[in-house]
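S.K.: Below: one structure in structure tokens.
The values are calculated or read from the model by the stated rules, or taken from the named source; none is laboratory data. Fair warning: this is a prediction, and the values are worked out from it, not measured in the lab. Cβ atoms come from the backbone with ideal geometry, glycine included; neighbour counts cover every protein chain shown. Heads up: the accessible areas ignore ligands, DNA and RNA and are worked out on the full protein's heavy atoms, side chains in. Shrake-Rupley method; radii C 1.70, N 1.55, O 1.52, S 1.80 Å.
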Amino acid sequence: MADIIVKDSNGTQLQDGDSVTLIKDLKVKGTSETLKRGTLVKGIRLTDNPGEIECNTKQVKGLVLKTEFLKKA
């Protein structure tokens with residue numbers, strides 16, 4: 001998994017444990033929650049897919065977010 005390079009919407013490389021900020025309001029499937037633009041997400045985990053990360057927020061646990069909606073904080 002070390003050879004997979006994960007980049008945010010600006011092209012900045014992401015690592016496990018980084019903090020990211022949402023650049024767009026995102027509706028969470030299966031819930032009535034909407035994550036607002038500017039929400040800080042701490043302690044991300046990289047997946048096998050370079051276009052996705054796993055994370056937890058205060059509202060929702062076990063999220064998978066697309067990197068095109070994130071920027072490194």
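S.K.: Among the residues of segment 19-34, how many are of a type outside the set (Val, Ile, Thr), within 18 Å of residue 8 (Cβ to Cβ) and in a strand (DSSP E or B)?
M.R.: Selection size over segment 19-34: 2.
S.K.: Out of the residues in segment 35-64 that are assigned to a strand (DSSP E or B), without any contact (Cβ under 8 Å) to a residue 40 or more places away in the chain and under 11 Å from residue 20 (Cβ atoms), which is most open to solvent (accessible area, probe 1.4 Å)?
M.R.: Per the criteria, the residue is 40.
S.K.: Being touching a helix residue (DSSP H, G or I) at 6+ places or on another chain (Cβ under 9 Å) and open to solvent by 30 Å² or more (accessible area, probe 1.4 Å) is the filter; apply it to segment 21-34 and report the residue that is farthest from residue 6 (Cα to Cα).
M.R.: 24
S.K.: Further question: Could you tell me whether residue 18 is in contact (Cβ under 8 Å) with a residue 60 or more places away in the chain, open to solvent by less than 50 Å² (accessible area, probe 1.4 Å) and within 11 Å of the chain's Cα centre (by Cα)?
M.R.: Taking the combined requirement at face value, the residue does not satisfy it.
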